[in-house]
Amino acid sequence: MMVKDWRLVVLAVYAVAIAYLMVDAGRPDSAEWFGFAAFFMVFALAPLALLCLTRSHRTAKGVAAIVLGLSGLWVIVDTLYRAAPDAQSALVFAVVPALQWVAAMIVLVGLMVMGRVGSGK
């Protein structure tokens, strides 16, 4: 069975990777952890979901989603596993999606401007 839109695979792989990193970095033995994790999971997936679930400029948005996803995962892995241990390391789960939102908005505005310039409006 082929996936109709390859960007959904990108989003699914990113979701699995983020979920694994959250479970590995967190304390899933407490009940309140799951509520916070669900919020941060939605917050972490939203920028890529915006790029992967919209219809126009599929290739450009898909490539942008791959770049944002890989760079976000690299920063998270680097912060959690390669950098010196720090009590604030888990803040990476809030900072990276916020920066990804900014980047996704830049991509969307750029594509919108390119569409208007290309159509002569």
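The values are calculated or read from the model by the stated rules, or taken from the named source; none is laboratory data. Small disclaimer: the values here were computed from a predicted structure and weren't measured. For neighbour counting, all protein chains shown are included, and Cβ atoms are generated from backbone atoms with ideal geometry for every residue, glycine included.
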Exercise. For residues that are at pLDDT below 95 and surrounded by 18 or more Cβ atoms within 10 Å (Cβ to Cβ), tally how many sit in the stretch 52-68.
Key: 4
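Considering each of F36, F43 in turn, give the residue that is among the aromatic types (F, W, Y), modelled with pLDDT under 90 and assigned to a helix (DSSP H, G or I).
Numbers: F43 fails: modelled with pLDDT under 90.
Just a single option satisfies the conditions, and that option is F36.
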Quiz prompt | Qualifying position, being surrounded by 17 or more Cβ atoms within 10 Å (Cβ to Cβ), assigned to a helix (DSSP H, G or I) and in contact with a Cys (Cβ under 7 Å, 6 or more places away or on another chain), among L48, L11 | solution = L11
Quiz item: Among A15, A19, which is the only one that is within 13 Å of the chain's Cα centre (by Cα), over 16 Å from V102 (Cα atoms) and modelled with pLDDT of 95 or more?
Solution: A15
Quiz item: Out of all the residues in the stretch 60-73, is one or more assigned to a helix (DSSP H, G or I), out of contact with any Lys or Arg (no Cβ under 6 Å at 6 or more places or on another chain) and over 28 Å from M112 (Cα atoms)?
Solution: no
Practice problem: Could you list all residues from the stretch 14-45 that are surrounded by 13 or more Cβ atoms within 10 Å (Cβ to Cβ), free of Cβ contacts under 8 Å to residues at least 24 places away in the same chain and closer than 17 Å to A104 by Cβ? | Solution: none
Quiz prompt | Residue that is modelled with the highest pLDDT [pool: residues in the stretch 89-121 that are loosely packed, with under 11 Cβ neighbours inside 10 Å and more than 30 Å from D78 (Cβ to Cβ)] | solution = V113
Quiz prompt | the stretch 74-88 - residue that is more than 24 Å from V109 (Cβ to Cβ) and in contact (Cβ under 8 Å) with a residue 12 or more places away in the chain and, of those, surrounded by the fewest Cβ atoms within 10 Å (Cβ to Cβ) | solution = V77
